[in-house]
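The values are calculated or read from the model by the stated rules, or taken from the named source; none is laboratory data. Here the structure is a predicted model, which is why all the values come from computation and not from measurement. Cβ atoms come from the backbone with ideal geometry, glycine included; neighbour counts cover every protein chain shown. Note: areas computed on protein heavy atoms with side chains; ligands, DNA, RNA excluded. Shrake-Rupley method; radii C 1.70, N 1.55, O 1.52, S 1.80 Å.
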Amino acid sequence: KHEGLVRAVGLGVNDVAVVLEVLREAEIDALMLAGRYSLLDHGALPALLPQCQARGVHLALGGVFNSGLLAAGTRGGALARFDYAPAARGWIERTAQIEALGERLGVPLRAAALQFALAHPAVEIVMLGARTPHEWQDAQAMLRQPIDPAFWQALRGAGLLPPAAPTP
């Protein structure tokens, strides 16, 4: 980059510790992080997202549905997936709590997942794995879905969102 051979240097991973280690040693311009900042997994929030914001690292999030659990919800039962594998009971229970609050307040789980991920100022884009035109259209609708601020407050009150996590 300093020699003018490339304009930007990026990294794509699903491990926050790897990115933090790379940032200690190198300057990167762009980062694709999969599954580590979502409505369920807040692993990137305390250290990585503030660094990205402070250093001007362009951040793209993948896996904001955590391999499907936040897209399909808990009704998939044994088919529920998180982090590319069958979802552990703890992730399913946490998702069920979020779903219950969403149902009570009229918030689809997919809308909450997409809008939450985009609410952090370090995040520039989310990348979706839409497999059909219907899934793409649904994602667009979920981005436009109004969400009452009471939903986010209820999640915080239930301990499902960290106090520092920005919400729409």
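Things to note:
- For Gly43, net neighbour charge (Lys/Arg +1, Asp/Glu -1) across residues whose Cβ lies under 13 Å away: -2
- One way to sum up the overall shape of segment 1-41 is the equivalent ellipsoid from its Cα gyration tensor, whose semi-axes run 24, 11, 6 Å, largest first.
- Quarter of the Cα convex hull surface for segment 82-168, i.e. its orientation-mean projected area (nm²): 6.3
- With all protein chains kept in place, the per residue accessible area of segment 27-76 amounts to 34 square angstrom at a probe of 1.4 angstrom.
- Estimated [θ] at 222 nm from DSSP helical runs (n ≥ 4, -39500 (n - 2.57)) normalised by residues in the chain, nearest 500: -12500 deg cm²/dmol
- Highest-fluctuation residue, Val126, Val22, Val57 considered, GNM on the chain with Cα pairs under 10 Å: Val22
- The charge dipole of segment 97-168, taken about the Cα centre with unit charges on the Cβ atoms of Lys, Arg (+1) and Asp, Glu (-1), comes to about 60 debye, rounded to the nearest 20.
- Distance in nm between pseudo-label sites at Ala88 and Arg156 (7 Å out along the Cβ direction from Cα): 2.7
- Listed options for Cα extents along the principal axes in Å are [x] 56, 35, 30; [y] 57, 29, 21; [z] 74, 39, 30. The value calculated from this structure is the one marked [x].
- Largest accessible area first, the residues Asp29, Asp148 order themselves as Asp148, Asp29 under a 1.4 Å probe with ligands, DNA and RNA left out.
- Per atom type, the chain shows carbon and sulfur on 56% of its accessible surface, probed at 1.4 Å.
- Tyr84 accessible area, 1.4 Å probe, all protein chains in place, Å² to nearest 10: 140
- Toward the positive end of the charge dipole of the chain, with +1 on the Cβ of Lys and Arg and -1 on the Cβ of Asp and Glu, the farthest Cα among Val16, Thr74, Leu39 is that of Thr74.
- Relative contact order for segment 29-168: 26 percent, from Cα pairs under 8 Å spaced at least 6 residues apart, divided by residue count.
- Once both labels are positioned 7 Å from their Cα atoms along Cα-to-Cβ, the gap between Leu143 and Val22 label points is 2.4 nm.
- Rough spin-label spacing in nm, given labels placed 7 Å along Cα→Cβ, for Arg55 and Asp15: 1.7
- Three-way shape call for segment 75-124 based on the alpha-carbon gyration tensor, with the a/c threshold at 1.5: oblate
- Accessible surface ranking that places the most exposed of His134, His2, His120 first, with a 1.4 angstrom probe: His2, His134, His120
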